[in-house]
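The values are calculated or read from the model by the stated rules, or taken from the named source; none is laboratory data. This structure is a prediction, so every number in the text was calculated from the model and none was measured. Using ideal geometry, Cβ is built from the backbone for each residue, glycine included, and neighbour counts are taken over all protein chains shown.
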Amino acid sequence: MTPSAARDVRAEILVEATRLFIANGYHGLSMRQIAEAVGVTKAALYYHFESKEALFLAILTMHLEKVEQMILQVQGEEGSCRQRIRLLIQRILKQPAEQRAVIRLAGQEIGQVSAPARQAFRVTYHERFIDIIVAMMEAGIASGELRPVDPHLATWTLLGVIHPYLYPADSDGVEISDEAIEQMLTIYLDGVTMPEARRRSSTGHGGCCRRMGS
């Protein structure tokens, strides 16, 4: 087997295994099924990946590297922190459904791998994803553009807002339109309370939050 042929087979394995892991989950998939889908023997499959765990982690790492490059590109863009957050979310949610599904797959299935492998991936996940967004938040706080909140909490809150949209549209009917993304960002960045209502609330003159009859 030549080096170029080996690379082609490995890439094909990664493509087919990604699709199958998304469809079946970690425990619902065997190496035999992957080999059959790719059209190779189990021996050939194990030549490239020593175990199902190694293959699963290779898929997650491959997609994490793509997300990391996306975030670094956004981080290097000119403009305000708000504009970079907006651009980041737009690019994450405009990825093909399968790529978004891999992000979800990592969160749902990483607990199925061994503890050492899980810990190693979590370190990589933070370095290549979470920590870069946290740094973006910290820069916005330092410049005075964002309020002095916990940047880690701000990051996890942002990811919590977009999490439902990481599901493929054909699985639950959620379509990620530009309008939906814009509304999501407005809610995260500005809240759902009108400015005048926020002022009334801060001075103790809120309307809907007061008890009836008070």
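Could you run through segment 128-156 and say how many residues are of a type outside the set (Lys, Arg) and not in a helix (DSSP H, G or I)?
Our first condition is that a residue be of a type outside the set (Lys, Arg); within segment 128-156, this holds for 129-146, 148-156.
Keeping just the survivors that are not in a helix (DSSP H, G or I) gives 143-146, 148-150.
Residues in segment 128-156 being of a type outside the set (Lys, Arg) and not in a helix (DSSP H, G or I): 7 in total.
Looking at Arg32, Arg10, which one is at pLDDT below 95 and out of contact with any Leu (no Cβ under 6 Å at 6 or more places or on another chain)? Break it down stepwise before answering.
On the way: Arg32 fails: at pLDDT below 95.
One residue alone meets the criteria, Arg10.
Checking the conditions here, which among Glu78, Glu65 is in the same structural domain as Tyr188 (by TED's automatic domain parsing), touching a helix residue (DSSP H, G or I) at 6+ places or on another chain (Cβ under 8 Å) and among the charged types (D, E, K, R)? Give the derivation first.
On the way: Glu78 fails: touching a helix residue (DSSP H, G or I) at 6+ places or on another chain (Cβ under 8 Å).
Exactly one residue qualifies, and that residue is Glu65.
Do we have any residue at all in segment 72-85 that's more than 26 Å from Arg147 (Cα to Cα) and without any contact (Cβ under 8 Å) to a residue 24 or more places away in the chain? Break it down into steps so the answer makes sense when it comes.
The first filter runs over segment 72-85 and keeps only residues more than 26 Å from Arg147 (Cα to Cα), leaving none.
No, segment 72-85 contains no residue that is more than 26 Å from Arg147 (Cα to Cα) and without any contact (Cβ under 8 Å) to a residue 24 or more places away in the chain.
Consider Ala5 carefully, then state whether it is touching an Asp or Glu at 6+ places or on another chain (Cβ under 8 Å) and at pLDDT below 95.
Working: touching an Asp or Glu at 6+ places or on another chain (Cβ under 8 Å): no; at pLDDT below 95: yes.
For Ala5, the condition - touching an Asp or Glu at 6+ places or on another chain (Cβ under 8 Å) and at pLDDT below 95 - is not met.
Among (1) modelled with pLDDT of 95 or more; (2) more than 29 Å from Asp178 (Cα to Cα), where does Asp150 come up short?
For Asp150, the failing item is (2).
When you go through (1) surrounded by fewer than 18 Cβ atoms within 10 Å (Cβ to Cβ); (2) touching a helix residue (DSSP H, G or I) at 6+ places or on another chain (Cβ under 6 Å) one by one for Phe49, which number turns out not to apply?
Here Phe49 clears every test but (1).
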